[in-house]
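Read-outs throughout are calculated quantities, based only on the coordinates presented, and are distinct from any laboratory measurement. For clarity, every value in this text was computed on a predicted model and none was experimentally measured. No Cβ is skipped: glycine too gets one built from the backbone with ideal geometry, and neighbour counts run over all protein chains shown.
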Amino acid sequence: MSSAIKPVISATGLYTPPNSITNEELVDSFNRYVELYNAEHAAAIEAGEVAALTPSSVEFIEKASGIKARFVVNKDGILDPSIMAPRIPERPNEELSVLAELAVRAARQALERAGREPMDVDAVICAASNMQRAYPAMAIEIQAALGCNPEGFAFDMNVACSSATFGIQTAADFVRAGHARSVLVVNPEICSGHLNFKDRDSHFIFGDVGTAILIEAADVVGDKPHWEILGTKLKTQFSNNIRNNFGFLNHTAPEGIGAKDKLFVQEGRKVFKEVVPMVAAMIIEHMETLGLEASGLRRMWLHQANANMNRLIAGKVLGHEATEDESPTVLDTYANTSSAGSIIAFHKNSDDLGAGDTGLICSFGAGYSAGSVFVRKVA
Ligand code: CO8
């Protein structure tokens with residue numbers, strides 16, 4: 001019976017863009033932009049008509065967020081004080097889209113690690129914060145580029161930073177229901193494309209990356225090492241504290257085009273205060289539902305937005321300060337990569353776990369949205 005089919009994670013993949021920007025480089029270009037702006041507006045600033053801009057600081061960024069560097073698709077444009085944005089040229093329709101390329105590269109690695117062929121994949125879910133375009137769906141382009149089962153299906157879904165965990169639950173449900181036996185969930189994130197590099201409060205937060213997760217029926221995977229999905233839980237609660245109002249109706253309201261809210265904007269302090277207790281409570285409740293104890297939780301691969309948030313969440317769940325081994329971070333090198341963050345943490349820090357070890361993949365972010373996925377290693 002289809003209800004007996006168990007979904008498992010058979011492999012993950014990661015594609016990291018080649019260019020890294022350190023905090024020092026980013027702050028240096030931001031501060032040169034500030035100098036140029038203040039010089040250009042000196043008279044208006046003097047007259048009290050325009051507010052002078054304030055420099056950014058490496059020390060603040062690292063202390064407030066834990067971020068030390070980020071990978072990006074294009075470095076030159078971001079670091080040029082006269083541009084302050086990545087420059088990623090448009091591609092002809094006949095070429096693979098740049099965002100799809102990140103997903104395809106990560107997906108190929110996941111398939112290789114699982115020992116599977118693209119033709120084995122029945123469904124592709126592109127779960128990410130932003131899509132390349134309105135349509136056709138990126139997932140369908142990725143399905144075609146990989147050469148997946150042509151009898152299968154593909155679609156996009158966006159739950160901001162929580163897209164990957166929402167994608168995992170959706171894929172697991174498809175496997176349980178018998179709609180697909182192998183599902184690729186891909187998370188291409190070019191966060192630099194929707195970050196305001198002129199905004200001191202947020203210019204340091206995000207980076208670019210692609211991740212992929214292969215979710216399959218346990219009998220397809222057989223005795224190869226994999227992760228049993230013990231349970232998934234999703235939660236959403238509306239908030240205006242993280243927004244991006246870019247969208248197709250901008251065209252109909254020219255007065256708003258180019259305004260700050262058409263890029264990422266947030267009330268970071270409020271997000272911090274509201275999301276930490278919400279996520280900790282959700283994890284603890286989910287653990288109880290599954291009959292799991294904190295003492296049996298070997299590792300937490302938390303969403304990578306802020307090191308201090310993760311320290312607080314992990315501490316509430318475990319009942320003690322988490323070690324790097326219990327709650328690894330990738331924020332120092334990748335920064336916040338939205339939906340991909342917890343998957344990078346899992347991908348880079350899960351091979352050392354042994355059979356029977358239990359862990360948690362957890363995401364949280366705009367919406368608000370949060371997702372928890374408890375997994376157990378089967379070796
Ligand atoms: N350099 C120096 N000083 C600074 C800087 C800077 N760059 N920025 C702010 N300051 C100063 C402020 O002016 C303030 O000074 P004062 O105390 O004198 O007024 C002081 O530092 C403290 O400012 P904040 O209160 O803003 O600083 P916080 O300690 O709260 O840290 C953070 C700011 C790091 C942003 C923190 O609040 C945070 O990480 N919050 C959580 C945010 C979060 O998790 N958001 C999730 C967003 S991601 C998501 O959901 C996905 C969206 C889709 C992807 C979008 C891709 C682009």
Legend entry - Filtered residues of the stretch 142-199 (kept if part of a loop (DSSP other than H, G, I, E, B), within 12 Å of the ligand (Cβ to nearest atom) and farther than 10 Å from A128 by Cβ): L195, N196, F197, K198, D199
Inset, instruction - Can you give me the ranges of the helices (runs of 4 or more DSSP H) entirely in the stretch 267-379 with at least 1 residues that are of a type in the set (V, I, T) and crowded, with 23+ Cβ neighbours inside 10 Å? - result: 268-289, 307-318, 341-348
Legend entry - Check on P92, loosely packed, with under 15 Cβ neighbours inside 10 Å, within 19 Å of the chain's Cα centre (by Cα) and away from the ligand (no atom under 16 Å from the Cβ): no
Inset, instruction - For I257, work out the one condition from (1) loosely packed, with under 14 Cβ neighbours inside 10 Å; (2) over 30 Å from R32 (Cβ atoms) it doesn't fulfil. - result: (2)
Legend entry - Number of the condition not met by R105 [criteria: (1) within 16 Å of the ligand (Cβ to nearest atom); (2) crowded, with 18+ Cβ neighbours inside 10 Å; (3) assigned to a helix (DSSP H, G or I)]: (1)
